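See structure below.
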Amino acid sequence: MKITFLLHNAYGIGGTIRSAANLSAALAERHEVTVASLYCHRDSPGLDFDPRVRLVGLIDQREGSKDLALPAADQPSEVFPASVGGVSALSDQRMADYLAHSDADVVISTRPVLNVYLARFGVPGRCLRIGQEHSTLTVREQAGHRELQLNAVAQLDAFAPVSSNDAAAYRAALPEAAGRIRHIPNSSPAPAVTRSTGENRLVVAAGRLVAQKRYDVLIDAFARLREEFPDWELRIYGRGPLRDPLLAQIDRLGLAGRVRLMGAVAPLDTEWAKGAIGAVSSTWESFGLTIVEAMACGLPVVSRDCPYGPSEIITPDEDGVLVPMDEGDEGLAAGLRRLMVDPELRRRMAENAIRTAARYEPAVVAEAYEELFTARPRGGGVRRLRGRLRRRPDRRLVVAASA
């Protein structure tokens, strides 16, 4: 079977790109997989894609590219309103042309703009058109893109939010499409490094340095613990616009040398494995891929109980700690303290965390997608797809349409 992923920019670094890289590699075990990146701004991707996965750039944004000089690059999109960024007449043309000539059996789009393009330019009946949601419907509404997204989802053959709660929200918003909306989580491979021993006195967090992640809350929480745990350190991996304000906060609290902003690192396995505890301080997480990555490396995770992902992954007191959102940095500090003070609890939770992470290995999630391919979503070509799939004997994950 030929499967194509549509990414906005496969050459960057981010959770959606990591998820696509993980899933495409697993599907490449048995299928011909392509990643079509709407934009290409560098010679090689920031994250490693499996060598069996073909990478295609539709618009070349590298210095000196002829695409940058095309008039259409500066003309507004005819598909999207002016409020939608990152699109142009050129992106309309390139995506329409690519989908018109694609011979893929399945096309998977990964963000609202691409869901809209797939719904508009993907040929119904010729390929199975599947949209993904790596954020939440609530966030789409806050950005003013709710109706844009819902209109696209209603036209696609299937739609796969990474959160079960978010899938329920989409079903409620689109009851006529409820049967085509199926929760399938993100995936994370088993680490290629030795897992954490839990002995290093190190708390690790990872993600973009943006307001959603609330690293200011995490730093304040750690500040509450500095005197009781003078030999512990906090490391935050990622890059983003809030780096300077966070550095100023660290200096103001006298935490230089105890709290470090480490920048972007890929892959992160080695850095997770150096830690003893993973931490999440976000206001929302559609899934929480870093939670699974930390668990796979043998770290229990302390997370704020934000919508939606953490509570769908973490089982409190078994593989991590969930802190009520209204408890702020004080509650997060209390959650961290539980594990910092108790090595045996860390060890027990770490063992359970490894088992939890195994449920999200790429091969498992790939099987869930293969089941979706051969289910009965709207659109033709299902029998043809079934004929191209051989069934796997190992079925460790079953994702129900109502999950």
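In segment 202-358, the inverse of the mean reciprocal separation of distinct Cα atoms equals 15.1 Å; this is its Kirkwood hydrodynamic radius.
Applying 0.36 nm per residue to the separation of residue 211 and residue 56 and subtracting their alpha-carbon distance, the gain on full extension is 52.6 nm.
For residue 133, nonlocal amide neighbours, meaning residues 5 or more places apart or on other chains whose placed amide H falls under 5 Å from its own, are 160, 162.
Remind me, relative contact order of segment 177-247 in percent, using alpha carbon pairs under 8 angstrom and six or more residues apart? Can you show the working numbers first?
Working: 46 pairs, mean separation 28.9, N = 71.
Once divided by the residue count of segment 177-247, the mean separation gives 41 percent.
Computed from the C-beta positions of residue 101 and residue 139, the FRET efficiency with R₀ = 45 Å rounds to 0.85.
Mind sorting 340, 262, 295 by how few other Cβ atoms lie within 10 Å of their own Cβ, fewest first?
On the way: 340 20, 262 15, 295 30.
Ordered from fewest to most neighbouring Cβ atoms within 10 Å, 340, 262, 295 come out as 262, 340, 295.
For segment 120-168, what class follows from the C-alpha gyration tensor (a ≥ b ≥ c being the square roots of its eigenvalues): rounded when a/c is under 1.5, otherwise prolate if a/b is larger than b/c, else oblate? Here segment 120-168 falls in the oblate category. Close amide H contacts of residue 183 (hydrogens built in the peptide plane, cut-off under 5 Å, sequence separation of 5 or more or a different chain): 403.
Axis angle, to the nearest 10 degrees, between helix 215-225 and the longest C-alpha principal axis of the chain: 20 degrees.
The distance from the alpha carbon centre of segment 310-367 to that of segment 41-120 is 38 Å, rounded to a whole number.
Between residue 74 and residue 41, the modelled labels are 2.0 nm apart [label points 7 Å from Cα along Cα→Cβ]. Across segment 135-148, coupling constants 3J(HN,Hα) worked out from phi with the 6.51/-1.76/1.60 Karplus curve, θ = phi - 60°, read 10, 9, 5, 4, 5, 4, 5, 4, 7, x, 10, 4, 5, 4 Hz, and Gly and Pro carry x. The distance between label points at residue 29 and residue 256 comes to 5.0 nm (points 7 Å beyond Cα on the Cα→Cβ vector).
Only helices enter the 222 nm calculation for the chain: every DSSP H run of n ≥ 4 contributes -39,500 (n - 2.57), and dividing by all residues gives -11000 deg cm²/dmol, rounded to 500. Helix 243-252 sits at what angle to the longest principal axis of the chain, using alpha carbons and giving 0 to 90 degrees rounded to 10? Taking the Cα atoms of the chain, the angle to 243-252 is about 10 degrees. Scanning residues 5 or more positions from residue 59 or on other chains, those with amide H under 5 Å from its amide H are 39, 40, with H placed 1.01 Å from N in the peptide plane.
Taken together, the values in this text are just the output of simple stated rules run on the coordinates, not laboratory data. Note that the structure is predicted; figures quoted are calculated from it, not measured. Neighbour counts run over all protein chains shown; Cβ positions are idealised from the backbone, glycine included.
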